[in-house]
Amino acid sequence: MSERIETLKKARERMTEDRDVFAKTLAAPFDRDKAERARIKFIETQVLIDAIDRAIAGEQTS
């Protein structure tokens, strides 16, 4: 496996861990301020994970 793909997979793993923290905050008892911040960060992180997935797929087809 290329070093580039390995780096992307590590980045994806890190972002998945971050997303899980935001999901736990969203699942916790409701706190408006925390929930709003967590929701925004969850969405931003998921968009990044999707972009990393596309980059990995692009590298694998090259």
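Every read-out reported here was derived from the displayed coordinates using simple, explicitly stated rules and does not represent laboratory data. Treat the numbers as computed from the prediction; the structure is a model and nothing was measured. Please note: Cβ atoms are built from the backbone with ideal geometry, for glycine as well, and neighbour counts cover all protein chains shown.
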>> Tell me the residue from Arg32, Arg19, Arg12 that is loosely packed, with under 15 Cβ neighbours inside 10 Å and not hydrophobic (A, V, I, L, M, F, W, C), please.
In response: Arg32
> Taking interchain pairs and intrachain pairs at least six residues apart, which have beta carbon atoms under 8 angstrom, with the first residue in the stretch 40-62 and assigned to a helix (DSSP H, G or I) and the second surrounded by 11 or more Cβ atoms within 10 Å (Cβ to Cβ) and among the polar types (S, T, N, Q)?
Replying inline: Ile49/Thr16
>> Out of everything in the stretch 1-38 that is in a loop (DSSP other than H, G, I, E, B) and small (Gly, Ala, Ser), what residue ends up being nearest to the chain's Cα centre (by Cα)?
In response: Ala28
>> I need every pair where a residue in the stretch 6-19 that is more than 11 Å from Gln46 (Cβ to Cβ) and touching a residue at least 12 places away in the same chain (Cβ under 8 Å) has its Cβ under 9 Å from the Cβ of a residue that is of a type in the set (D, E, K, R) and assigned to a helix (DSSP H, G or I), sequence separation at least 6 or different chains.
In response: Leu8/Asp53; Leu8/Glu59; Arg12/Asp53
